[in-house]
Each structure stands twice: as C-alpha cells, then as structure tokens.
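Visitor: Sharing a structure with you now.
Every number in this text was worked out from the coordinates using simple rules, so none of it is lab data. Note that the structure is a prediction, hence the values are computed from the model and not measured. Cβ: placed from backbone, ideal geometry, glycine included. Neighbour counts: every protein chain shown.
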Amino acid sequence: MHIKQVVIEGFKSYKDQIATDTFSPKHNCVVGANGSGKSNFFHAIRFVLSDVFHTLRAEDRQALLHEGSGNQVASAFVEIVFDNSDGRIPVDREEVRLRRTIGVKKDEYFLDKKHVNKSEVMNLLESAGFSKSNPYYVVQQGKIAFLTTMRDTERLDLLKEIGGTRVYEERRRESLKI
Ligand code: ATP
Ligand code: MG
C-alpha cells in the first residue's frame, strides 16, 4: 500500500483545489520555496492519517481553513488516494479514497465518496497499520532518537501497531466486557 495521490482544497495555504501527480511507490520529494506550502502539505497528510485519532475542536478546525484577504473559506478537504493493490487496507478494491472534510461546524469522512463515521475510519486505518498513539509513519524531527531510546515494552506496542494486530486486541477486550 502506498499513497498514490493527494488532493487538497481550502486547507491552510491551499485555497484552490490541487491534485498531485501520481506518486512513485518508492521515493518522492516535495520541493518549493520558503513559505510555498511544503509543511502544510505534510500537515494535510497528517490531518487525514493521524489527526483522526484525536479530537479537533472548532477553533483548531478554523485555523486549518484557508484565509486570505480577510475571507475564510467555508470548508476544506484533504483526500488521500491509496494504491491498495496489496490489500493492506481491508477493503476489496485496488484504489481507496479517504477524504476528510471540515468546516467550522463540520468534520466528516468519506470512503470512496461514501459517508462514513469517524470510528469506521479509525478501525480501517488501524487495521492497515496506522497507529493511534504513535504516528510512526510521519517521521518528524527527533523521532529516530526517540525510537532508539524507548523502552522494550513500548517498542513491542509499536510493533503490534505496525503489524496491525493491536486493533484486534482492543476488539477482543471490548468483546470480553459484555
Ligand atoms: P519553509 O521552506 O520555510 O519550511 P514551507 O514550504 O514549509 O516553508 P509552509 O509552512 O507550508 O511553507 O507554508 C507557510 C504559509 O502558509 C505561510 O505563508 C502561512 O501564512 C500560510 N498559511 C498557514 N495557514 C494558513 C491559512 N489558514 N490560510 C492561509 N494561509 C495559511
Ligand atoms: Mg516548512
């Protein structure tokens, strides 16, 4: 599984809709002048793949809406198109589109254009190896040092998340509650 394309509209510095070229499954570089939106682009990816595990308050969402010359857009979305030919995302399709749309009063998710709720998105991402507590898939500054110095039990938890098994442990725990 890899990100094939990212489509952004109204998010931070991206007012008009942009769609990236198709990404390589290997390495891709994002280049641009200072202030041209590189960090915002990575924030857009995190917005769909890791911010989903936390609650964004109305003020947080407002700060993400594009604002230019005193006008703020009413809504913004980021859509991530996955190449799912290895079936890592547990849906029976080779291409999967996950979109998050926000406004001051809304926060919605769409999976291949179908409206889905947040817990469905979290389950799907966790089954595909995305993680609730450790967004290891976006390696930010200082992260490598952190990985090398964490305790063995923490590293084991991280490996369970990467392997996509933690979600089943949680579901098992939930099922035993009843
Ligand atoms: P650098 O090379 O300096 O790291 P960068 O390419 O990473 O730059 P970003 O940090 O992604 O640049 O973009 C910064 C720009 O995004 C700033 O000009 C900032 O005003 C703009 N920006 C951030 N949030 C919004 C918003 N909500 N509406 C409009 N513009 C925004
Ligand atoms: Mg930057």
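Visitor: Please list the non-local residues whose amide H lies under 5 Å from the amide H of Val104, H modeled 1.01 Å from N, same-chain partners needing a gap of 5 or more.
Guide: none
Visitor: Give the Kirkwood hydrodynamic radius (Å, one decimal) of the chain, defined as one over the mean of 1/r across all pairs of different Cα atoms. Spell out each step's value before the answer.
Guide: Values: mean 1/r = 0.0568 Å⁻¹.
The answer is 17.6 Å.
Visitor: May I pose another question? Please sort by residue number the trypsin sites (Lys or Arg not before Pro) in the range 26-55 whose DSSP state is loop and whose Cβ has at most 15 other Cβ atoms within 10 Å.
Guide: Numbers: sites: Lys26, Lys38, Arg46; in loops: Lys26.
Within the range 26-55, the qualifying trypsin sites (Lys or Arg not before Pro) (loop, at most 15 other Cβ atoms within 10 Å) are Lys26.
Visitor: Helix 38-49 against the longest principal axis of the chain: what's the angle in degrees, Cα atoms only, rounded to the nearest 10?
Guide: So the inclination is approximately 50 degrees.
Visitor: Something else now. Go through the range 162-178 residue by residue and turn each phi into a ³J(HN,Hα) via Karplus (6.51, -1.76, 1.60, θ = phi - 60°); whole Hz please, and just put x for glycine and proline.
Guide: 4, x, x, 9, 4, 4, 6, 4, 5, 5, 5, 4, 4, 5, 6, 5, 6
Visitor: With axes computed from alpha carbons, what is the tilt in degrees of helix 118-127 against the longest principal axis of the chain, rounded to the nearest 10 within 0 to 90?
Guide: With both axes taken from Cα atoms, the answer is about 60 degrees.
Visitor: To the nearest 20 Debye, how big is the dipole of the range 132-178 about its Cα centre, given +1 on the beta carbon of each Lys and Arg and -1 on that of each Asp and Glu? Intermediate results must be reported in sequence, preceding the final value.
Guide: Numbers: 10 positive and 7 negative charges, 24 e Å.
Computed about the Cα centre, the dipole is about 120 debye.
Visitor: With the cut-off at 31 Å, tell me which of the pairs Lys113/Lys143; Lys4/Lys118; Lys118/Lys160; Lys12/Lys132 have Cα atoms farther apart than that. Mind showing how you got there, number by number?
Guide: On the way: Lys113/Lys143 34 Å; Lys4/Lys118 22 Å; Lys118/Lys160 22 Å; Lys12/Lys132 24 Å.
Exceeds cut-off: Lys113/Lys143.
Visitor: As an exercise, identify the trypsin sites (Lys or Arg not before Pro) in the range 52-156 lying in DSSP coil whose Cβ has no more than 13 other Cβ atoms within 10 Å.
Guide: Details: sites: Arg57, Arg61, Arg88, Arg93, Arg97, Arg99, Arg100, Lys105, Lys106, Lys113, Lys114, Lys118, Lys132, Lys143, Arg151, Arg155; in loops: Arg57, Arg88, Arg93, Lys105, Lys106, Lys113, Lys132, Arg151.
Sparse-neighbourhood loop trypsin sites (Lys or Arg not before Pro): Arg57, Arg93, Lys105, Lys106, Lys113, Arg151.
Visitor: Grab every C-alpha pair in the range 132-178, bin the distances at 5 angstrom width from 0 up to the longest one, and report whole percents.
Guide: Distribution as computed: 5, 18, 25, 21, 14, 9, 5, 3, 0 percent.
Visitor: Run the dipole for the chain about the Cα centre, Lys and Arg Cβ at +1, Asp and Glu Cβ at -1, nothing else charged, and hand back the magnitude in debye, nearest 20.
Guide: Working: 28 positive and 25 negative charges, 57 e Å.
In debye, rounded to 20, the chain gives about 280.
Visitor: Kindly write out, for the range 19-24 in residue order, the coupling ³J(HN,Hα) from the Karplus curve 6.51 cos²θ - 1.76 cosθ + 1.60 (θ = phi - 60°), rounded to whole Hz, with x marking Gly and Pro.
Guide: Values, residue by residue: 10, 6, 5, 5, 7, 7 Hz.
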